[in-house]
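Beneath this line is the structure, given in structure tokens, with notes to follow.
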Amino acid sequence: MPSAARIRSAITRASRWCAPSLVSAAAGAIVIGAIEARAMPNGIFGWFAGIGFVVLAALPVLFIAMVVARIAWIGWKPTLDKLVDADGRAPRLAGWIAYLVVALAVLAVVTYKLTVSVAASGDFRPMNVGYLEPTIATLCVLALVVLSRPLVRVASRVLRLRPKTIVTIVALAFVISLVGAWIIVRPRLGPIDLDPLIAPLVGLVVAIAIHVRFSPMMWLRRGVTVIAAASLACALGAWQLRPDLTLAAWGELPVAGLVIDSVFDLDAIRDEMSVDAFRPVPRPAAAHPDIVVIIIDTVRADRTPAYGGPAPMPFLKELALRGTVFDWAFSPSNVTRRSIPSMLTGLSPNHVNGRVIGWALRIDPRNVILPERMAAAGYETAGFVCCDGFYGSAARTGLSRGIEHLEIEKNGTLLSKLARTWLEQRERLPNNRPLLLYMHILEPHNWAGSTDLPVDINVRHELYDRSLQLSDRMIAEVVGAFRGRSPDHAPIVIITADHGEALGEHDEPFHSTDLYNSQTHVPLVVVGPGIPARRIPETVSLTDLSPTIVELAGYAPFASDGESIAPLLLDQRPSRDDGTAFSAMIKDRSNPGGVTSMVRGHWKLIVTGEKRELFDIGKDPGELLNQIATQPQIAAELSALLDQHVVSTKPSSASNK
């Protein structure tokens, strides 16, 4: 057994050995947090709390990385020393480094070029590429290994450099490669948001620099220790005493948000909210009808029969003839992860805090969604939805909160049958509570199937319309469950879409690329007791959907960015010619953002960076004639409206009571 003195001595030596790694890691973590935490509210406390959340995870990760790097250096140093000659030069080291750089470049280029050629010649069949790509890479690596020794000898005779010169050249080459990749490769990757990587990269560079130049300066150790301890204390204080700051960090700071997701239980914090915070206020003597909301993914209005389109949708056509059709309804965005949260919360898409998870948005737990409000009001809530990534428990997006009975099934035909069966069983039960049924059908999103995108526009239209026809059958299946009811007890049925789809308009084959009508003008058909058969020309936004449903259910609409259009639906006010709809593309890791639009009446303004376009969509629904130069007054008025939405502050508490 070693003596206590030996143990203390070993611990002291280990502590001294780890000190440079620990201090440099802490410094790097603090830098990452300081860069991110600029967006935090509440001044110095919020800033330190943001740093602390980052330090919680970044410090151990960087520390382990520093220790591993030092151990690797200790292991390789004897070998590297042998590569240095007596005169202080290291030609063999320079030769091997030069060869490795060239070999990696050759491997990358050859693999890329041959893979692209194989993919092009085989119509990009995944199986062919999957087999051939590793084969190509393996053969290339074998060839490079065979050539390595003779080529390294040649390089060593030319590159008689000192180790410091080699390190300098390697560092410069690395920086030049990054810049070159950013200029040449980055534009080809499409809308990938790399901003969250900036702070971690800067922090890593700082940690490495301090580690390499580390000296036992007491002020450095003490300063880093004090800042790290203070920031951790503020982070833990925010978690216990200021959950709003914790949620702000979750929504605004990429690295801190990942830490909070892993360390803290956001759902538990959310569950502490009382339903009194968002229980709607009943209107005197108001009825509480059943309400069915069916959202069909990726439906542009002009292809549906309710808007004169050719798609074979007889059931939707029949609903449109006996209900209300909004001629100009616009989605809040052109992607599901931005539109659905806006539709369910009543907040504009730029006001919905959240984090992109897969293809969905995990919304800020402070946001309250429609099913929660309806459940708090005493409604029974049921959800029949397409996508586990949006509504499943593992994704924790928050979009299924408040739904008592939830079914997730990607196949819309099976999903509609599940809904029909559940509804028919429920219809046989006595004394049911009022019902909110929420359904999300996916089929038109995958209208092209697994085939290549057809070049012929007529074939595109045929495939797309076929997916709409299939969706129409699903709607009929679900609504058919109420066929036994009398007309005055029928549910209010709302049919709409989360966004549209470009089918070649403006040179775009799909959605998520622009805010023209093809991607944002969506159907909105409402039928039910008290709702007359008519068409409404007033421009409306689907951000209005949740407050409208709450009022149709017999409650006062809640405060939100949207406006209840229930009085318009119930013919309690006339249609206006100055209705507005705001849409936005929000920047995230697969969307470039930076595009906004404002519709007022029949005029639509689209702003894309410095480019501005103005269209009279009543006369020019295809948006081909830009009138920005000929209608300066209208452009100025819409610009002012747009600015009000773009620059308005996000709610400090997204509970939007």
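The values are calculated or read from the model by the stated rules, or taken from the named source; none is laboratory data. Being a predicted model, the structure only gives us computed values, none of them experimental. Virtual Cβ from ideal backbone geometry, glycine too; neighbours counted across all protein chains shown. To get the accessible areas, we keep the full protein, side chains included, count just its heavy atoms, and leave off ligands, DNA and RNA. Shrake-Rupley method; radii C 1.70, N 1.55, O 1.52, S 1.80 Å.
Could you pull out every one of the aspartates and glutamates with an alpha carbon less than 17 Å from that of K410, ignoring same-chain neighbours closer than 8 positions? Cα-Cα hits under 17 Å: D297, D388, E443, D472, E477, D498. In plain terms, the chain from R13 to A137 could stretch by 40.1 nm, reckoned as 0.36 nm per residue minus the Cα-Cα distance. Shown for the range 402-469 is the translational diffusion coefficient from the Stokes-Einstein equation, using the Kirkwood radius over Cα pairs, a temperature of 4 °C and a viscosity of 1.567 mPa s: 88 µm²/s.
Classify the range 531-609: rounded, prolate or oblate, from the alpha-carbon gyration tensor (a ≥ b ≥ c, eigenvalue square roots; a/c under 1.5 rounded; otherwise prolate if a/b is larger than b/c)? Oblate, since a/c reaches 1.5 and b/c is not below a/b. Both numbers refer to the Cα atoms of the range 316-426; Rg and Dmax are 15.2, 41 Å.
Ordered from largest to smallest accessible area (heavy atoms of protein chains, 1.4 Å probe), the residues K164, K77 come out as K164, K77. For a label point 7 angstrom out from the Cα of R485 toward its Cβ, which stretches of the range 385-401 have the backbone nitrogen within less than 20 Å? From the range 385-401, the list is 385.
Approximating the spin labels as points 7 Å out from Cα along Cα→Cβ, the N431-to-R242 distance works out to 5.0 nm. Rolling a 1.4 angstrom probe over the protein heavy atoms with all chains in place gives the chain an accessible area of 48 Å² per residue.
Expressed as a whole percent, the accessible surface of the chain that belongs to carbon and sulfur atoms is 64, based on a 1.4 Å probe.
Put simply, the Cα atoms of the range 1-160 extend 61, 53, 38 Å along their principal axes, the longest span coming first. Semi-axis lengths, largest first, of the ellipsoid equivalent to the range 500-657 are 27, 20, 16 Å, with √(5λ) applied to each eigenvalue of the Cα gyration tensor.
Once both labels are positioned 7 Å from their Cα atoms along Cα-to-Cβ, the gap between R473 and S274 label points is 5.1 nm. Spin-label model, D643 to T165: label points 7 Å out along the Cα-to-beta-carbon direction sit 5.9 nm apart. With coordinates expressed along the principal axes, the C-alpha atoms belonging to the chain extend over 98, 63, 56 Å, beginning with the largest. Run the Debye formula on the Cα coordinates of the range 30-107, all scatterers equal and no solvent, and tell me log10 I(q)/I(0) at q = 0.15 1/Å. Scattering profile of the range 30-107, log10 relative to I(0): -0.73.
Principal-axis analysis of the Cα atoms of the chain puts helix 243-252 at an angle of about 80° to the longest axis. With pairing defined as another cysteine C-beta under 4.7 Å, the cysteines of the chain that fail it are C18, C140, C234.
Between the range 259-285 and the range 508-555, the C-alpha centres lie 27 angstrom from each other. Over all other residues within a Cβ to Cβ distance under 10 Å of D388, the charged ones net out to 0, with Lys and Arg as +1 and Asp and Glu as -1. The equivalent ellipsoid that matches the C-alpha gyration tensor of the range 326-373 spans semi-axes of 18, 14, 9 angstrom, in descending order. The relative contact order of the range 247-349, computed from alpha carbon pairs under 8 Å that lie at least 6 residues apart in sequence, is 9 percent.
Among the trypsin sites (Lys or Arg not before Pro) within the range 455-535, those in coil by DSSP and having at most 14 neighbouring Cβ atoms inside 10 Å are R483, R485. Once the Cα atoms are used to define both axes, helix 412-427 deviates from the longest principal axis of the chain by about 50 degrees.
Put I136, I208, I492 in order of accessible area, highest first, and with a 1.4 Å probe you get I208, I136, I492.
Straight-line reach from K164: taking Cα to Cα under 25 Å and skipping same-chain neighbours fewer than 8 places apart, the lysines in range are K77, K82.
Computed from the Cα positions only, the extents of the range 468-541 along the three principal axes stand at 48, 29, 15 Å, in decreasing order. Pairs of Cα atoms nearer than 8 Å and 6+ residues apart set the relative contact order; for the chain it is 16 percent.
Taking every pair of distinct Cα atoms and averaging 1/r, then inverting, what Kirkwood hydrodynamic radius in Å comes out for the range 208-308?
On the way: mean 1/r = 0.0507 Å⁻¹.
Hydrodynamic radius (Kirkwood, Cα only) of the range 208-308 equals 19.7 Å.
Take every DSSP beta bridge whose two residues both sit in the range 311-420; close to 50 percent of them are antiparallel. For the range 486-496, backbone phi angles converted through the Karplus equation (6.51, -1.76, 1.60; θ = phi - 60°) give residue-by-residue couplings of 6, x, 6, 10, 5, x, 7, 10, 10, 10, 7 Hz, Gly and Pro being listed as x. Give the Rg/Rh ratio for the range 238-281, taking Rg as the radius of gyration of the Cα atoms and Rh as the Kirkwood radius, to two decimals. Across the range 238-281, the Cα-based Rg/Rh ratio is 1.06.
Kirkwood's formula applied to the C-alpha pairs of the range 440-589 gives a hydrodynamic radius of 17.8 angstrom.
Relative protection proxy for 497-504, 197-204, 330-337, from highest mean packing down: 330-337, 497-504, 197-204 (other beta-carbon atoms within 10 angstrom). For the set V116, V368, V356, V226, solvent exposure ranked by accessible area (probe 1.4 Å, protein chains only) runs largest to smallest as V226, V116, V356, V368.
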